Amino acid sequence: MKIQQLSLFLENKPGHLSAICRTLASHQINISTLSLADTQQFGILRMIVREWDKARKVLEEKGFVVNLTEVVATEVEDQPGGMARVLEIIEKSATNIEYMYAFTFRKGNRAILVFRFDNPDAAIKTLTANGINVLDPVELYARETDTRA
Amino acid sequence: MTASAPQPVADNRIWDPIERLSAGERSDLQADRLRRLVERIADRVPFYKSFKLRSDSLRTPDDVRRLPFTTKADLRMQYPLGFLAIPRESVLRYHGSSGTTGKPTFVAYSKRDLEMWADLCARFLVAGGLQPRHTVQIAFGYGLFTGGFGLHYGVERVGAAIIPAASGNTERQILLLQDLQAEVLVSTPSYALHLAEVLEQNGIAPGSLALKFGHFGGEPWTEDMRRRIEASLGILAFNNYGLSEVIGPGVSGECVYRTGMHIQDDHFIVECINPETLEPVPDGTPGELVFTTLTKEAFPLIRYRTRDIAVLDRSPCPCGRTTTRMSRVTGRTDDMLIIRGVNVFPSQIEEALLRVEGTAPHYLIEVDRPGTLDEVTVHVEVRPGDFSDKMREMQLLRERIGHAIHSITGIHMRIDLVAPQTLERFAGKAKRVQDNRRT
């Protein structure tokens, strides 16, 4: 049920982010979504990539520091209150969210929320028990393909 | 012996019985050689002539303190060969310092100097496990730098086989290690680490090579680097020390008990001084090493100030050698940074980085003075094992490094995490300090 997320150490200097993107592009690897956390000194780039294994390999070959983390992707209605409902469930179960980000695919009216939990398995249990749709990798990337069709 | 007595990591062998002289025999030998040194150079070397040196007041090795110091600046003043003590036609070889801190300085060797030098290298190589049946890959530069040729003739003296790979071209080094199966690697410690990194990147298991141990020198390194070299290459790593002005490699080296580096004090008198007062410091206290070359013919030096900071130890070593031992070089007097009036050595930053679990010793200290106050930034390369996707943990890593540096140096420094392999390395040597205040 968990999704593999790639995290990369990003130096705060011109060209570092584009070097990562160029590496992936040269291997025909598409980024489904990404999120960037930054400070004055450095940043952390987090990416959801279907071919995460290949992406990690080509990035490490280029000398980037890559970390693999399991995240949880849930699907909600892309409308007011969609995200609030999920957050409410998480809050009630006293589960700590390390960080999160959201994205939508081009078609349809669903949004994807990506969560980083310290204990993803417990979080998945809570979410599914409360009727939230937690996507496995096949479901997630199927939605990406659907929008392209 | 107590339970904590040092244990040998390999068979204990001694190349020359002279390494086991009694204290009295050594003292007599040093005093005699010191008098003959002064007689030899007092009128021949212009720099020493000006001091009107006399040998008759030199009764014990400690009387060396009556003699003047020689500094790198003195050598530069006499550039290129003002210190030569034999006729040019008797010189067999020239070497030079790397010149990283200015113009190179040249040194010269007579036939006997070269013989003696090979012998001194043989001593520390044998002390650190080398046997005639071994094959040695020398990944030091062959050139003006004393490392390549010094170790080369030392290995040859022991009777082991040599692969003179020279420095650089890591892919070829690996090919040679794979196909010629050397058991011993000679290089700088940082090059050994680089080699381990490249092996890992190429998916080559160190176990597929024949390497058993390594002799590393040419730059200061740490116990943490030793552990990493030994773990990543699956070898025993031995430290050796030397500098071209004194002779090159062979001044001192570790034995299999690894209790410090045995100084070849039948050929060199060592002193350890406070670099500011120039007074001797007690054994066990860090100070600047000073060497007097007792037997060198072509380029003898009296009380040469090395600018290397280390600690001396005259306690007995289980290996049976009776020589004085020196610690690793923990700093350089000219690396010493004065930050807001406080003396700071790069080795202190290294110590702080080691305290913080999981940080690699690749770092660069950058000093600026934007207004009136010095500001220091320590750039630290992030290793894959230290990297987290959580911002909180990365901030914590920075804070822990900052705290460790502050607790050791008393100075708040800005910590800048940078990507691996982005800090400059010069010919295998890491650059530790960038002081922008003087430029």
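Bear in mind that the values in this text are calculations on the coordinates, not laboratory data. It should be emphasised that the depicted structure is a prediction, and the values quoted were computed from it without experimental measurement. Cβ placement follows ideal geometry from the backbone for every residue including glycine, while neighbour counts extend to all protein chains displayed.
Descriptive notes on the structure:
- Estimated 222 nm signal from helices in chain B, with DSSP H stretches of n ≥ 4 weighted -39500 (n - 2.57), rounded to 500: -9000 deg cm²/dmol
- Most mobile listed residue (B:Asp389, B:Asp313, B:Asp265) in chain B, GNM with C-alpha springs under 10 Å: B:Asp389
- When the inverse distances between all different Cα atoms of region B:337-435 are averaged and flipped, the Kirkwood radius reads 13.9 angstrom.
- Distance between region A:124-143 and region B:20-46 - C-alpha centres, whole angstrom: 84 Å
- Lysines whose Cα lies under 22 Å from that of B:Lys431, excluding same-chain neighbours fewer than 8 positions away: A:Lys13, B:Lys72, B:Lys103
- Among beta bridges from DSSP that stay inside the protein assembly as shown, the antiparallel ones total about 75%.
- Euclidean distance of C-alpha centroids, region B:104-163 and region B:356-411, integer Å: 39 Å
- Only lysines eight or more places from A:Lys125 in sequence, or on another chain, were considered; those with a Cα closer than 17 Å are A:Lys2, A:Lys92.
- Against the empirical 2.2 N^0.38 Å (N residues), the protein assembly as shown has a Cα radius of gyration ratio of 1.21.
- Computed from label points 7 Å out along Cα-Cβ, the spacing between B:Arg88 and B:Asn12 is 5.0 nm.
- In this simple spin-label model, placing a label point 7 Å from the Cα along the Cα-to-Cβ direction at both B:Asp179 and B:Asp56 gives a separation of 6.7 nm.
- Arranged from fewest to most other beta-carbon atoms within 10 Å of their beta carbon, B:Tyr94, B:Tyr191 become B:Tyr94, B:Tyr191.
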